[in-house]
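Okay, so here's the structure we're looking at.
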Amino acid sequence: MIQCLKDTAVVILSYNGTKWHELFLPLIVSEAHTGYEVIVADNASTDDTLRYVQTNFPTVKTISITENHGFANGYYEALKQIQAKYYILLSADFEVTQGWFAPLHAAMERDSMLAACQPKIRYYREREKFEYAGAGGGFMDKYGYLFCRGRIFFDIETDQNQYDDHIEVFWASGGCFMVRADLYHKAGGLDSDLYAHMEEVDLCWRLKNTGYKIGYVGSSTVYHVGGSVISYGSPQKLYYNFRNNLILLIKNEKGSKLLWLFPLRLVLDGVAGLRLLVTGKYKDTLVILKAHLHCYRDMGKWLARRRANKEMITTRNETGIYRRSIVWDYFLLGRKVFTKLGWKPKAL
């Protein structure tokens with residue numbers, strides 16, 4: 001068990017991540033004096049990751065995970081070995097900036113009902129743009145579709161300081177995710193069966209169903225390379241997009257809403273599959289079908305998780321749910337950026 005002397009543990013899950021540590025660990029470590037300890041959890045790498053970190057960064061603590069069962073399971077195994085007040089789950093392919101930590105920590109210290117938060121996330125390769133996964137904070141529409149400020153479907157905005165605020169969101173990006181350790185464990189942590197996509201949304205939803213807030217802190221900035229766990233646009237990404245989104249609804253949505261929403265989502269996903277089929281992307285259609293079949297195959301497990309989650313529900317906090325269809329607004333009304341939605345998020 002690692003007992004942190006400082007109140008925050010920055011935990012970097014790494015799989016064959018030496019190239020990322022060469023690039024990004026120096027600044028992460030040099031900023032640690034601002035109030036955190038750095039821990040690298042090696043997820044059964046086949047390269048020399050552990051030896052590299054131990055040799056070149058003696059102040060960094062390390063954890064060795066013997067079998068790689070995915071991103072969510074890696075953190076599940078690592079965090080049960082770390083005692084701290086706060087965890088920051090930081091993917092290995094993130095570059096931090098000077099002063100990135102203090103605003104996040106201050107936000108958590110200021111509001112005891114803030115369970116988790118994220119910084120502004122920009123794209124490492126096009127540094128003026130927001131990054132695909134997280135951007136300026138995560139939201140969900142009334143049909144369960146996820147989107148971000150700064151990135152709605154295929155449109156990614158340039159950062160012009162339009163999202164420098166501190167707001168309440170529905171979900172925070174798992175790539176740079178600060179969370180209260182006690183609440184993380186009480187809620188059950190990341191669901192390892194989701195493998196590597198939307199597991200942070202699932203956790204945020206469980207936390208919000210017990211009345212807590214999820215935040216975005218726009219005065220902190222980090223950069224993400226992206227695609228190092230699951231490549232953007234890959235069949236694997238498509239599979240987890242469809243399968244895990246259905247699982248989120250089954251596990252966390254209100255029963256009265258799920259009765260009509262789940263059948264509707266099956267229809268909408270079917271329409272998406274047909275659209276891909278008529279455009280010649282039949283392999284993608286098969287991926288969507290496979291995602292659905294695998295979701296149904298394990299329905300007993302998801303319903304058992306739903307029952308367990310239901311026992312923890314107190315007062316549902318639905319801040320961050322967009323009460324319209326983001327699909328309708330984006331594709332039919334042409335509202336390509338968040339500011340065009342006519343919706344103002346709640347300040348923290």
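For the range 1-53, what percent of Cα pairs sit more than 14 Å apart?
That fraction is 53 percent.
Among DSSP bridges having both ends in the chain, what percentage is antiparallel? Round to the nearest 5.
Here the share of antiparallel DSSP bridges comes out near 45 percent.
Mind checking the range 185-262 for chymotrypsin sites (Phe, Trp or Tyr not before Pro) that DSSP puts in a loop (not H, G, I, E or B) and that have at most 13 other Cβ atoms within 10 Å?
Answer by residue number: Y232.
How large is the Rg to Rh ratio of the range 2-224 when both quantities use alpha carbon positions and Rh follows Kirkwood?
That ratio is 0.94, to two decimals.
Report, to the nearest 10°, how far helix 255-278 tilts away from the longest principal axis of the Cα atoms in the chain, using its own Cα long axis and a range of 0 to 90°.
Computed tilt is about 80 degrees.
Given N residues in the range 235-313, what is Rg(Cα) / (2.2 N^0.38 Å)?
Compactness ratio reported: 1.18.
So, in nm, how far is label H33 from label R323 when the simple model puts each one 7 Å beyond its Cα toward the Cβ?
Distance between label points: 5.0 nm.
Can you put K120, K310 in order, fewest other beta carbons within 10 Å first?
Going from sparsest to densest Cβ surroundings: K310, K120.
Past 21 Å, Cα to Cα, is the threshold; run K254/K344; K281/K336; K142/K257; K251/K336 against it and keep the listed order.
The pairs that break the limit, which is 21 Å between Cα atoms, are K254/K344; K281/K336; K251/K336.
When the Cα atoms of the range 57-98 are enclosed in a convex hull and the volume is divided per residue, what value in Å³ results?
Expressed per residue, the convex hull around the Cα atoms of the range 57-98 is 121 Å³.
Using packing as a proxy for protection, rank 148-159, 51-62, 127-138 so that the peptide with the highest average count of other Cβ atoms within 10 Å comes first.
Listed from highest to lowest mean packing, they are 127-138, 148-159, 51-62.
For the range 90-168 and the range 19-75, what is the separation of their Cα centres, given in Å?
A separation of 23 Å, based on Cα centres.
So if R0 is 45 Å, what FRET efficiency would L50 and L332 give, r being the distance between their Cβ atoms, rounded to the nearest 0.05?
Plugging the Cβ-Cβ distance into 1/(1 + (r/R0)^6) gives 0.30.
Based on the Cβ-Cβ distance from M113 to K254, what FRET efficiency comes out when R0 is 30 Å, to the nearest 0.05?
Between M113 and K254 the formula returns 0.90.
Ordered by residue, what ³J(HN,Hα) values in Hz, to whole numbers, does the range 292-298 give under the Karplus form 6.51 cos²θ - 1.76 cosθ + 1.60, where θ = phi - 60° and Gly and Pro are x?
5, 4, 5, 5, 5, 4, 9
What do you get for the angle between helix 199-208 and the principal long axis of the chain? Use alpha-carbon atoms, 0 to 90 degrees, nearest ten.
80
Among L203, L274, L194, whose mean-square fluctuation peaks in a Gaussian network model of the chain (Cα, cutoff 10 Å)?
Result for the chain, Cα springs under 10 Å: L274 fluctuates most.
Three principal axis extents, largest first, for the C-alpha atoms of the range 126-176, in Å?
Here the spans come out as 31, 25, 20 Å, largest first.
Read-outs: derived from the displayed coordinates by stated rules, not from any lab. Just so we're clear, the structure is a prediction, and the values are computed from it rather than from any experiment. Cβ coordinates were reconstructed from backbone atoms using ideal geometry, including for glycine residues, and neighbour counts include every protein chain displayed.
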